[in-house]
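Since the structure comes first, as C-alpha cells, the remarks are kept for the end.
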Amino acid sequence: MCRMLSYLGAPLVVEELLYQPDNSFIKQTYHPKYMHHLLNLAGFGLIAWDNNSINMELPHIYKTINLPFYDDNLWNIANKINPFCFLAHIRGVSYSENQVVSAQNVHPFMFRGTGVALAHNGALIEFEKMKFDLLEFITPPFQEYIHGTTDSEWIYAVFISQLKMLNPQEKYETNNIMQAILNTFKILQRVRHKHNISTASPVNLFITNGEFIAATRFVFDFGWQPFDAAPSTHFAYHSLWYTYGESYGYYDKQYQMKPEGAKKSIIIASEPLTADTTTWIEVPEYTMLVARRENDEIEITSQDIIL
C-alpha cells in the first residue's frame, strides 16, 4: 500500500504535516498503523502550490527515490515552503526483483502543460495485458509523455485525456472532475473485461490542480481473487480518511484541525496523521470526494461510484 496525503486551505508549513504529528506522513513509511505489514520504500513525491513563489500557477515539484526519513533535502524544503495546496505520495511496491524503482515511477504525475496532478494507491492486477488497449483512450500528445513502468501513470494519462475532452479550457467544475473519474473507471473496467480480468484491484486516486482535491476509494471486483493466490494487500480496500476545520495546527496539546470556526481547510489522506482519530472521518467504500475553496471556505462534494 502506498501512502498519500493532500491538503487544501490556509497556507501551512509542510513540515507540520510531514513530520510533526504522532502518526506523521514520514513516520508512516516505517511504522504505519494501517496495513502495517507493508513498508513504503520506493520513492517520495511532493507537489505544492504557493502564493509566495514566482510564477505561482506553477507548483513546486520534488521527487526522489531516496528514503524520505533519511532525506535532508526533503526536510529542508518542508521547513521552507508554505503552500495552500499540496499532494504528497510515498510509493510502496511488493518485494520482488521485477519491481522497478526509478524517478520516472515516483508519484504524483503531472504532464507538462496540463496543470493537473494525480497520485495512486492500489494496483491494476494483470496490468501488462491491459496497457496497450488503453492507448485508444489516451490523446496522442499524452501518449508521448508516458515514461515510467507503472499502471498509475497510464491511469493518469487516461484520466487527463477524459478531463481535457470534457473541458479543454481548464475550468474544471466539480461535475467535470467527477465525470472524468467515472469515465476513467469505465474505460479501465471495459479493458479488464476484454481480457477476462476479474481479480480485485483497488484504485484510490488523489487528483489536484491547486484549486481542488479529488479522491476516490474504489476497488474493481472486490472479493474476487484466484483460488491459489498468495495473500495480497491489493485484495482489500485501501483506507481513506479526511478531516476539516478552520485551520490545522497544535491545539490542546496535539496536532489537529481547529474544531471551531469556519470550514477553511481540509486534509485528505490514506490514514489519519494522529493516533486520536476522533476528528477524522473515514471515507466509505465506492465513494469519490471533491473539495474546493468557495468564498474562502471548503466545499465538499461526495458521490457514490457506480459504473
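The values are calculated or read from the model by the stated rules, or taken from the named source; none is laboratory data. From a predicted model like this one, the values you see are computed outputs, not experimental measurements. Using ideal geometry, Cβ is built from the backbone for each residue, glycine included, and neighbour counts are taken over all protein chains shown. SASA here: full protein model, heavy atoms, side chains in, ligands and nucleic acids out. Shrake-Rupley method; radii C 1.70, N 1.55, O 1.52, S 1.80 Å.
Condition first: open to solvent by 30 Å² or more (accessible area, probe 1.4 Å), closer than 18 Å to residue 130 by Cα and either modelled with pLDDT of 95 or more or not aliphatic (A, V, I, L, M) (or both). Can you find one or more residues in region 216-223 that meet it? Can you show your working first?
To start, the set of residues in region 216-223 that are open to solvent by 30 Å² or more (accessible area, probe 1.4 Å) comprises 221-223.
Still in the list and also closer than 18 Å to residue 130 by Cα: 221.
So of that shortlist, the ones also either modelled with pLDDT of 95 or more or not aliphatic (A, V, I, L, M) (or both) come out as 221.
Yes - at least one qualifying residue is present in region 216-223.
Inside region 124-140, can you point out the residues that are in contact (Cβ under 8 Å) with a residue 24 or more places away in the chain, at negative phi and surrounded by fewer than 24 Cβ atoms within 10 Å (Cβ to Cβ)?
Here is the first cut: in region 124-140, the residues in contact (Cβ under 8 Å) with a residue 24 or more places away in the chain are 124-127, 129-130, 133-134, 137, 139.
Within this subset, residues satisfying the condition of being at negative phi are 124-125, 127, 129-130, 133-134, 137, 139.
Residues satisfying the conditions are 127, 129, 130, 133, 134, 137, 139.
Determine whether residue 107 is in a loop (DSSP other than H, G, I, E, B), modelled with pLDDT under 95 and under 26 Å from residue 178 (Cα atoms). Give the derivation first.
Values: in a loop (DSSP other than H, G, I, E, B): yes; modelled with pLDDT under 95: yes; under 26 Å from residue 178 (Cα atoms): yes.
For residue 107, the condition - in a loop (DSSP other than H, G, I, E, B), modelled with pLDDT under 95 and under 26 Å from residue 178 (Cα atoms) - is met.
Restricting the search to region 251-297, which residues are part of a loop (DSSP other than H, G, I, E, B), under 16 Å from residue 8 (Cβ atoms) and acidic (Asp, Glu)?
Hit for region 251-297 is 296, nothing else.
Quick check, is residue 228 at pLDDT below 90, closer than 30 Å to residue 197 by Cβ, open to solvent by 20 Å² or more (accessible area, probe 1.4 Å) and among the acidic types (Asp, Glu)?
On the way: at pLDDT below 90: yes; closer than 30 Å to residue 197 by Cβ: yes; open to solvent by 20 Å² or more (accessible area, probe 1.4 Å): yes; among the acidic types (Asp, Glu): yes.
Criteria met by residue 228.
Considering only residues that are among the charged types (D, E, K, R) and open to solvent by 20 Å² or more (accessible area, probe 1.4 Å), which ones fall in region 260-296? Give the steps one after another, and end with the answer.
Taking region 260-296 first, the residues among the charged types (D, E, K, R) are 260, 263-264, 271, 276, 282, 285, 292-294, 296.
Scanning region 260-296 gives 260, 263, 264, 276, 282, 285, 292, 293, 294, 296.
Any residue in region 185-210 that's closer than 28 Å to residue 110 by Cα: show its pairings with residues that are assigned to a helix (DSSP H, G or I) and open to solvent by 10 Å² or more (accessible area, probe 1.4 Å) at Cβ separation under 6 Å, as long as the two are six or more apart or on different chains.
187/137; 191/133; 200/235; 202/234
Considering (1) open to solvent by 10 Å² or more (accessible area, probe 1.4 Å); (2) modelled with pLDDT of 85 or more, say which one residue 86 fails and leave the rest.
(1)
From the residues in region 1-57 that are aromatic (Phe, Trp, Tyr) and in a loop (DSSP other than H, G, I, E, B), which one is modelled with the highest pLDDT? Please lay out each step first, then the result.
Restricting attention to region 1-57, the residues satisfying the condition of being aromatic (Phe, Trp, Tyr) are 7, 19, 25, 30, 34, 44, 49.
With the extra rule that they be in a loop (DSSP other than H, G, I, E, B), the set shrinks to 19, 25, 30, 34.
Numbers: 19: 93, 25: 87, 30: 73, 34: 62.
The selected residue is 19.
Could you tell me which numbered condition residue 72 fails, if it satisfies all but one of (1) surrounded by fewer than 16 Cβ atoms within 10 Å (Cβ to Cβ); (2) at pLDDT below 85?
(2)
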